[in-house]
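The block underneath contains the structure these notes are about, expressed in structure tokens.
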Amino acid sequence: MMEVHPPRDADERRAVPPVICYLTDTLPQPDMAIYTAARTDLVETDHVTALPRSAAAVVVPAGHFLRIVSVGGPQVGDLNLFNAHDLSERFYSGKTRALHGAHVTSGDRLWSSFPTLRPMATITHDTLGWYGIDEFGGGVHDVIGTRCDPYTGRLLSGYDYHNCCHSNLTRALADHTGLSLAEAEPLVHDVLNVFMCTGFTRDTGQYFMKASPVRPGDYLELFAEIDLLAVLSACPGGDCSTEHSSDSAVCHPLDMKVLRPADLFGWTPPAVNAYDRSHGR
């Protein structure tokens, strides 16, 4: 590799201050008081469990809450969200990251893909909200990572592993919708890594994971702004303290509970993005 010598003004160039890409002052903010009031009287209407190294799917009607609960032991999950009536509208982790940061918590929203680009869900409660950013730069509930998958696993290890999150989500989506695996797989997308503690190393900039702080009883709660199909994989990495994409980690189930409020106190569903889609023509 050819050695590259820094220019004379290298330090000056590095010292240029950063600029936030998306100023969100004008971003419509969720009315958290509505969600707080709605949470006071909830009735469970559905309950499914993502078993270890597997996935489960559940429909969450608009105006309902989805509570993802740690049970049994520390465990992270990979979440896909779809418009229940149009699977082409799905969670857009990259735009969510650009608007809210690398890790999300209460008050942040999960945005949908183009061309709708609207809030699919709002995070209303996070029992790990206390964690913040640790001394390594790690945080919880990341929208950085993609999902463990058999293709990367094959490249790095040389063998096939079928219980990674990508495959788990593919099977669960196919089972729920009746699609074939070949039809379901392209719909699986970059995830919200629920309970996962991640960041980037400061010296090499590499994506890292560490033992999740989640404990049984902890939960992440979302309010469905539109009718959702939620698909959740209980990652084969368990708490992701050592590795993933193998059967070596201790794994636990994750519950998904659908909760109906008695009153929505004036909530209205979000409209699709108002851009006219002319693209300058």
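The values are calculated or read from the model by the stated rules, or taken from the named source; none is laboratory data. Note that the structure is a prediction, hence the values are computed from the model and not measured. A quick note on method: Cβ atoms are made from the backbone with ideal geometry, for glycine too, and the neighbour counts reach across all protein chains shown. Calculation scope for accessible area: heavy atoms of the full protein, side chains included, ligands and nucleic acids excluded. Shrake-Rupley method; radii C 1.70, N 1.55, O 1.52, S 1.80 Å.
Restricting attention to the range 55-70, the residues that are open to solvent by 40 Å² or more (accessible area, probe 1.4 Å) and assigned to a loop (DSSP other than H, G, I, E, B) total 1.
Yes/no matrix, rows are residues, columns are (1) under 30 Å from residue 155 (Cβ atoms); (2) modelled with pLDDT under 95; (3) out of contact with any Asp or Glu (no Cβ under 6 Å at 6 or more places or on another chain):
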| site | (1), (2), (3) |
| --- | --- |
| 219 | no, no, yes |
| 224 | no, no, yes |
| 227 | no, no, yes |
| 234 | yes, no, yes |
| 239 | yes, no, yes |
| 243 | yes, yes, yes |
| 248 | yes, yes, yes |
| 251 | yes, no, yes |
| 255 | no, no, yes |
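Considering only the range 160-169, I want to know if a residue exists there that is part of a loop (DSSP other than H, G, I, E, B), closer than 27 Å to residue 217 by Cα and open to solvent by less than 60 Å² (accessible area, probe 1.4 Å). Yes, there is a match, as at least one residue in the range 160-169 is part of a loop (DSSP other than H, G, I, E, B), closer than 27 Å to residue 217 by Cα and open to solvent by less than 60 Å² (accessible area, probe 1.4 Å).
Exactly one residue out of 230, 224, 234 is crowded, with 19+ Cβ neighbours inside 10 Å and either without any contact (Cβ under 8 Å) to a residue 24 or more places away in the chain or in contact with a helix residue (DSSP H, G or I) (Cβ under 8 Å, 6 or more places away or on another chain) (or both): that is 234. Annotation note: of 255, 190, the sole residue that is under 29 Å from residue 32 (Cβ atoms), charged (D, E, K, R), under 19 Å from the mean Cα position of the chain (by Cα) and open to solvent by less than 50 Å² (accessible area, probe 1.4 Å) is 255.
Taking the criterion of being basic (Lys, Arg), touching a Leu at 6+ places or on another chain (Cβ under 9 Å) and assigned to a helix (DSSP H, G or I), the only residue of the range 78-115 that qualifies is 95. For the range 1-17, the set of residues classified as open to solvent by 100 Å² or more (accessible area, probe 1.4 Å) and not in a loop (DSSP other than H, G, I, E, B) consists of 11, 12, 13, 14, listed by residue number.
One residue is enough: does the range 80-102 have a residue meeting the conditions surrounded by fewer than 15 Cβ atoms within 10 Å (Cβ to Cβ) and in contact with a strand residue (DSSP E or B) (Cβ under 6 Å, 6 or more places away or on another chain)? No; the residues of the range 80-102 include none that is surrounded by fewer than 15 Cβ atoms within 10 Å (Cβ to Cβ) and in contact with a strand residue (DSSP E or B) (Cβ under 6 Å, 6 or more places away or on another chain).
Counting only residues that are among the β-branched types (Val, Ile, Thr), open to solvent by 10 Å² or more (accessible area, probe 1.4 Å) and outside any loop (DSSP other than H, G, I, E, B), how many does the range 120-129 have? Here the count works out to 1. Residue count for the range 170-186 under the criterion of being surrounded by fewer than 16 Cβ atoms within 10 Å (Cβ to Cβ) and either touching a helix residue (DSSP H, G or I) at 6+ places or on another chain (Cβ under 6 Å) or within 23 Å of residue 240 (Cβ to Cβ) (or both): the result is 1.
Does the range 18-37 contain at least one residue that is open to solvent by 70 Å² or more (accessible area, probe 1.4 Å), closer than 30 Å to residue 134 by Cβ and acidic (Asp, Glu)? Yes, because at least one residue in the range 18-37 is open to solvent by 70 Å² or more (accessible area, probe 1.4 Å), closer than 30 Å to residue 134 by Cβ and acidic (Asp, Glu).
The set of residues in the range 130-158 being more than 19 Å from residue 192 (Cα to Cα) and open to solvent by less than 50 Å² (accessible area, probe 1.4 Å) consists of 134, 153, 158.
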